[in-house]
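Single-structure report; data block below.
The values are calculated or read from the model by the stated rules, or taken from the named source; none is laboratory data. All values reported here derive from a predicted model rather than from experimental measurement. Here the Cβ positions follow ideal geometry from the backbone for every residue, glycine too, while neighbour counts run over all protein chains shown. Surface areas here come from the heavy atoms of the whole protein model, side chains and all, with no ligands, DNA or RNA. Shrake-Rupley method; radii C 1.70, N 1.55, O 1.52, S 1.80 Å.
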Amino acid sequence: MIKYASDDLVVSAAPHVRTRLRVPLVMWVVSATLLPAIAWAGYVFGPWVLVVTAAAVLAAVVTELAITLLLRRPQTVSDGSAFLTGLLVACNMPATGWGVLPLYVPVVASIFAIAVAKHAFGGLGQNWINPALAGRIFVFFAWLPAMTGGWAGSPAFDVVSSATPLNLLKFQSGMMQDGLQAGSQAVLGMRLAPSHGDLFLGLTPGCIGEISAAALLLGGLILILLRIVNWEIPLTYIASTALFSWIFGGLAMTGQAPSFFTGDPLYHVLSGGLMLGAFYMATDWVTTPVSFGGRIVFALGCGILTVLIRLTGSNVEGVSFAIVLMNITVPLIERMFVPRRFGTSEGRAA
Amino acid sequence: MHPRDIGLDTMSSPIRNAFLPHYLYIPLQQHIGSPAEAVVAPGDVVSRGDVIGKASGYVSVNIHTPLPGKVIAVQDHVTATADRVPTVVIEVEGRFSLKGQVSRQTDAWKSLSRDEIISRMKEHGLVGMGGATFPMHVKYSVPADKKITTLLVNAVECEPFLSADNRLVIEHGEDLVTGIEIALKALGVNRAIIGFEADMPEAVARMRGLVANRSNIEVLVFPVKYPQGAEKQLVKAATGLEVPSGGLPLDIGVVVSNAGSLVALKEAVVDNKPLFERIVTVTGDAVEKPGNYKIAIGTRVADVLAEVGLKKKPARIIIGGPMMGLAQYSDQVPVTKGTSGILVLSARRAAVYRHRPCVRCGKCMTVCPMGLVPLLLVSRVELGMDDEAKKHGLLDCIECGCCSAVCPSERHLSQAIKLGKLRHVAKKREAAGD
Amino acid sequence: MSVESVILLVMSAIFINNFVLAKFLGICPFIGVSRQLDSALGMGMAVTFVLTISSVVTWFVHSYLLVPYGLEFLKTIAFILVIAALVQFVELVLKKSSPALYKTLGIYLPLITTNCAVLGAASINVQKGYNLLMSTVFGLGAGLGFTLALILMAGVRERLEECNIPKVLRGAPIAFITAGLISLAFMGFAGMIKE
């Protein structure tokens, strides 16, 4: 018989057993699943990609540390959320050649993400807007040329620089004529549009974390299998983007008669930030609805807005805007999807 | 939720009689309602089954001593739920009388009237043994305006790790069937449903065999899921009806009784044996000989642990199950009528959880069996917005603990909701009384 | 003037050139009345109502009073007077004729008198040379855009009530930060409709 004293007994509230999924674990696992995509970008576009990533992560972590010290709040660096935010900011930076993207861009984006989008509202769990996307949009408008020019070609592969797949789409639809001469527009539009295979593997210019649909798909599937990420948002988001780009994608093309159901859904799904957005941004627990129905509506909205912005907006890429715009509507969506309370006929009072 | 795969199963451990302790600490309040009044004084000699506490008022029951001995004190003592409860302390000595020793199957009870059965419940100290300990005679005295159609027998373990009901059905199946018949007579209804969980095949087979020739008793098997044994969830699973918010099962014509309570009813009515001992699942990673023990009420946990042995240093002693049980600060708490389990965990299993900010993952909402949104409820409670919290279903919470168990931020959701409820009760008292 | 251009005008006023989030008009009620969804909805409806009517009235005032007599330089003052009078008049009429609507809009109506969004719509109508129909539609669209912004803001702010916001930022500061972030997000709509 083992001896013990009453002092050995710990008193705590029920329940006394819990599942093992914890926030820090989640953050680090999500971060880990992003690394292949970033590493691939580093391999394809050269080491500046990795420098930009390091800068973004470092800025995010330091900002987190500084703010928690300043506000005398519990230290939260170890929960991994700042690291992940930094990583996601980096993913949204253009992959450029050595020294082309100034380092202050990712740094400011990270600081904005952590300080303004997250800690101004009270820190982890309190922000209503996805911090990484808020940071990205902020620097996007602050340094538009840096964020939209200088797409890198690849030293390792036969990737031609200067236009992302979605830029090409804009050229084809004749919406970007201003900046380009008619000749180069035709060249870019007709000859250099990447194949679906290149899009899937990431052999095309783009942002650091978004170029390889394959790497993101793999990471996303791991997260879904681990139950960290729900399946309904990525599926609905990608499916609705495919559907709407198929229906309306053909309307915006020049050089052919505009007609419905002639878009190229696969091109839309594989290009730009859709994979990154659908698996890593639109599934952020904090800034998306908690209910199943709410998530479907949220993801549907993301899909519609993404296609709308891609096809008609002056912004080339719609994913980040679509997600942030839907972030705003989350409190309203949540009001519509209230579970039915047991033993009552109605949901909770609004 | 399926918080079951932790490998502390006692499903196949037969019921063993626990040894006799030297002292009994029998609290005079082991039920919901007013405490019993002591009818013994220090120096009195009592024998097995004697009444030591007399029911005081309608919602109260008698308390009996399980063992013969000498009363050495009537004093305040700690229980699983309260710090100081009037308690009769008995030094065990003397000889057993045969009272309530023999288990019989006779039909003599059939001559009893409904009222006689119900008064026997109160006399013999019967309470709901699933954990709520609501006096049985009150539950069975159905108001005239309610029409009862079904007796629902709860043979689903109320919590993971506990297997007392499973063993009871396997080993005391006949007693349970007789108990059901007595209960049906007390209620004046003719239909009973016995609800099991799918992981109790032996008990199900046993019961199916026993009721094969009775058309009025139905055996249903439900999927393994916590909290399947919670009253409202079981009623829904068995009848498809939902107990209305703020209501009781009898509002939809159902009376729910725990299998253990009905076996106790049989023993009280047929064998004239009061409720003074019960089957308790003793388990946990610190326990050397986990299993189901028949333990005399009033036995202190320390004495139980001395018998079952410890293989690790206990860090947490829990009365009840892992989801809703109460962690104790003292091993001096006695086993009472409502003690369904004693869980002893070592430091490795007894983690202390940090209440971190909510990250709105929605998992608590997904698992809530009552359709509540715990994350919202808790933020309302924390902000002191009690009226808002009530609108969000504060009082509907059954405190099953699922929300806390899945929370990746280790939030004390269930605890916060309980706090909100307590505050509500306190406010109501204030408004009513002072 | 086609149906399509009317729809585009409304859409543009709601999303792309949202009065609050893109043109920064009517910030005062936007910050002031966006604490709760119910009042935000009431305010939004009241503003939409007044914006539409005032667009019509100021169009008449401008086309048949100011322009014929060469008094365009009095535009701003005239519009302010007209709008103030109009709001008071609408309030009186509503009080008498439709108590239910008055109850919904009533408390917000006096606030609108000084809402620069109303004056802004009138001025833009003149600036862009919209005809009567276009002015009315633009006023309606601007009002709907204002309502949308207000409702979105109110939804977010209701959630902020539960947040552990640093002390220095509580109240107006965090409201402005939120408004800024929402406005940033609305820049995503830029360029969708050519003007």
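Report in % the part of the accessible area of chain B that belongs to carbon and sulfur, leaving out ligands and nucleic acids; probe 1.4 Å.
Working: 8860 of 16580 Å².
The computed percentage sits at 53.
With a 1.4 Å probe, what is the total accessible area buried between chains C and B, in Å² rounded to the nearest 100? Before the final figure, lay out each step's value.
Working: alone 10410 and 18950 Å², together 29040 Å².
About 300 Å² of accessible surface is lost on pairing.
In chain B, what percentage of the DSSP-assigned beta bridges are antiparallel, given to the nearest 5?
Values: 36 of 57 bridges.
Counting only bridges with both partners in chain B, antiparallel ones make up about 65 percent.
Return the FRET efficiency for the residue pair B:V425, A:M336: r is the Cβ-Cβ distance, R0 is 45 Å, and the value is rounded to the nearest 0.05.
Values: r = 33 Å, r/R0 = 0.73.
FRET efficiency, B:V425 to A:M336: 0.85.
Determine, for each peptide in C:16-27, B:302-313, the mean count of other beta carbons within 10 angstrom over its residues, then list the peptides with the highest first.
On the way: C:16-27: 22.3, B:302-313: 18.0.
The packing order, highest mean first, is C:16-27, B:302-313.
List, in the order given, every pair from B:K421/C:K167; B:K185/B:K266; B:K225/B:K363 whose Cα-Cα distance in the structure shown is over 20 Å.
Numbers: B:K421/C:K167 30 Å; B:K185/B:K266 12 Å; B:K225/B:K363 16 Å.
Beyond 20 Å between Cα atoms: B:K421/C:K167.
According to the square roots a ≥ b ≥ c of the eigenvalues of the Cα gyration tensor, what is the shape class of chain B, taking rounded for a/c under 1.5, prolate for a/b larger than b/c otherwise, and oblate for the remainder?
Judged from the Cα gyration tensor, chain B comes out rounded (a/c under 1.5).
At what distance in nm do the modelled label points of B:K311 and C:A172 sit from each other, each positioned 7 Å from its Cα along Cα→Cβ?
6.8 nm
If you stretched the chain out fully between B:L248 and B:K54, how much longer would it get, using 0.36 nm times the residue separation minus the C-alpha to C-alpha distance? Spell out each step's value before the answer.
Working: separation 194, 0.36 × 194 = 69.84 nm, distance 2.79 nm.
Stretched out fully, the B:L248 to B:K54 stretch lengthens by 67.1 nm.
If I model a spin label as a point 7 Å beyond the Cα along the Cα-Cβ vector, how far apart are those points for C:L41 and B:A144 in nm?
4.8 nm
May I ask you to derive the relative contact order of chain B, considering only C-alpha pairs under 8 Å and at least 6 residues apart, and to give it as an integer percent? Write out the running numbers ahead of the final one.
Values: 950 pairs, mean separation 74.1, N = 434.
Answer for chain B is 17 percent.
I'd like the interface area for chains A and B: accessible area of each alone minus the complex, both sides summed, 1.4 Å probe, protein heavy atoms only. What is it in Å² to the nearest 100?
Numbers: alone 16970 and 18950 Å², together 31200 Å².
Using a 1.4 Å probe, the pair buries roughly 4700 Å².
Roughly how many whole Å is it from the C-alpha centroid of the range B:107-135 to that of the range B:265-290?
17 Å
How much FRET efficiency would the formula 1/(1 + (r/R0)^6) give for C:A85 and B:H355, where r is the Cβ-Cβ distance and R0 is 45 Å, rounded to 0.05? Working shown, then result.
Values: r = 58 Å, r/R0 = 1.28.
Once rounded, the FRET efficiency stands at 0.20.
Just which residues of the range A:109-128 lose 50 Å² or more accessible area with every protein chain there, against their chain alone, with the probe set to 1.4 Å?
A:A120, A:F121, A:Q126, A:W128
For the range B:243-380, what does the alpha-carbon gyration tensor say about shape, rounded, prolate or oblate, given a ≥ b ≥ c as the root eigenvalues, a/c under 1.5 as rounded, and a/b over b/c as prolate? Could you put the intermediate results ahead of the total?
Working: a/c = 2.94, a/b = 1.15, b/c = 2.57.
Cα axes put the range B:243-380 in the oblate bin.
Separation between the C:L92 and B:V224 pseudo-spin-labels, each 7 Å from Cα along Cα→Cβ, expressed in nm?
According to this spin-label approximation, the distance is 7.8 nm.
Apply 1/(1 + (r/R0)^6) to the Cβ-Cβ distance of B:K70 and A:L21, taking R0 = 60 Å, and write down the FRET efficiency to the nearest 0.05.
Working: r = 55 Å, r/R0 = 0.91.
Efficiency computed from Cβ-Cβ geometry: 0.65.
How many percent of DSSP beta bridges within the protein assembly as shown run antiparallel, rounded to 5? List each step's numbers first, then the result.
Values: 38 of 59 bridges.
In the protein assembly as shown, approximately 65 percent of DSSP beta bridges are antiparallel ones.
At a probe of 1.4 Å, how much accessible area disappears from chains C and A on forming the pair, both sides counted, to the nearest 100 Å²?
Numbers: alone 10410 and 16970 Å², together 24800 Å².
Chains C and A together bury roughly 2600 Å² of accessible area.
Return an integer: the convex hull volume of the alpha-carbon atoms of the protein assembly as shown, in Å³ per residue. Provide the component values of the computation, followed by the final result.
Values: hull volume 210.2 nm³, N = 979.
Each residue corresponds to 215 Å³ of Cα convex hull volume.
Accessible area per residue for the protein assembly as shown in Å², computed with a 1.4 Å probe and the full protein assembly in place, what is it? If you can, show how the numbers build up before the last one.
Working: 38780 Å² over 979 residues.
Counting only protein heavy atoms, the per-residue value for the protein assembly as shown is 40 Å².
Taking each full run of DSSP H in chain B as one helix, which ones are at least 15 Å long along their axis (Cα atoms) and have mean Kyte-Doolittle hydropathy of at least 0.0? Write down the numbers at each step before the final one.
Numbers: long enough: B:173-187 (21 Å, 0.82); B:259-270 (16 Å, 1.42); B:413-432 (29 Å, -0.43).
Helices meeting the span and hydropathy rule in chain B are B:173-187, B:259-270.
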